[in-house]
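Note sheet for the following structure.
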Ligand SMILES: [Fe+2]
């Protein structure tokens with residue numbers, strides 16, 4: 001389902017400003033693409049409403065109605081360099097959201113749940129998440145959280161769990177996923193990956209970076225995931 005015209009390659013490190021959206025030059029002369037403009041929360045909602053599987057669309061019933069948006073304190077992470085790769089690898093349905101993410105990455109509050117001591121420097125260099133909706137998101141909500149997870153290529157997200165019920169919708173990148181006793185399986189962009197409360201789960205990316213929308217429902221949306229003992 002991915003475009004597949006390019007292999008993932010290491011882009012230049014971020015400079016803290018907005019990510020650059022690369023132009024696909026494989027099918028003719030380069031054409032200027034307009035700088036995407038719009039509201040990330042609305043764009044994520046539209047993506048879910050139009051194309052996401054029903055299990056993800058179920059979160060729309062709790063989507064915040066208010067148009068209020070927080071002013072975020074930007075906190076760039078190295079992992080956001082993968083947004084530019086994802087923006088040229090994506091299936092068409094995720095294009096507007098990935099382009100808008102790339103243009104606004106420098107103004108989002110990117111976070112990491114774990115430390116180098118827990119997961120190693122290579123993981124930390126290729127991992128990050130940012131809330132669009134939720135207690136720390138652009139749109140305040142205490143009912144659901146929705147955000148973006150980034151994992152670079154060839155990255156293993158160790159088994160972890162949390163009380164929150166979770167659904168992922170990959171936007172770009174086919175990765176391997178594992179939930180509980182179920183074996184490793186591929187999840188392509190546009191599919192849904194569901195994690196019941198307290199079910200251990202892990203992710204292994206392959207040649208492509210993974211950019212995925214995550215959705216949480218819990219009475220405690222500020223909780224942190226816990227790594228499983230090795
Ligand atoms: Fe999770």
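May I ask you to list pairs of residues, at least six apart or on different chains, whose Cβ atoms are under 6 Å apart, with the first in the range 166-179 being in contact (Cβ under 8 Å) with a residue 24 or more places away in the chain and the second being in a strand (DSSP E or B) and near the ligand (Cβ under 10 Å from one of its atoms)?
166/195; 166/216; 168/193; 168/214; 175/203; 177/193; 177/203; 178/202
Looking at the range 63-77, which of its residues are buried (at least 16 other Cβ atoms within 10 Å of the Cβ) and out of contact with any strand residue (DSSP E or B) (no Cβ under 8 Å at 6 or more places or on another chain)?
Listed by number, the list holds a single entry, 76.
Looking at the range 143-154, which of its residues are touching a helix residue (DSSP H, G or I) at 6+ places or on another chain (Cβ under 8 Å) and either free of Cβ contacts under 8 Å to residues at least 40 places away in the same chain or within 15 Å of the ligand (Cβ to nearest atom) (or both)?
Answer for the range 143-154, where residues must be touching a helix residue (DSSP H, G or I) at 6+ places or on another chain (Cβ under 8 Å) and either free of Cβ contacts under 8 Å to residues at least 40 places away in the same chain or within 15 Å of the ligand (Cβ to nearest atom) (or both): 144, 146, 148, 150, 151.
Out of (1) over 23 Å from residue 202 (Cα atoms); (2) touching a residue at least 24 places away in the same chain (Cβ under 8 Å); (3) under 18 Å from the mean Cα position of the chain (by Cα), the odd one out for residue 68 is which?
Failed condition: (3).
Any residue in the range 51-63 that's free of Cβ contacts under 8 Å to residues at least 40 places away in the same chain: show its pairings with residues that are surrounded by 15 or more Cβ atoms within 10 Å (Cβ to Cβ) at Cβ separation under 7 Å, as long as the two are six or more apart or on different chains.
57/48; 60/45; 60/48
No value in this document is a laboratory result; all are computed from the given coordinates. What you are looking at is a predicted structure, and each value in this text was computed from that prediction instead of being measured. Don't worry about glycine lacking a Cβ; one is built from the backbone with ideal geometry, like all the others, and counts go over all protein chains shown.
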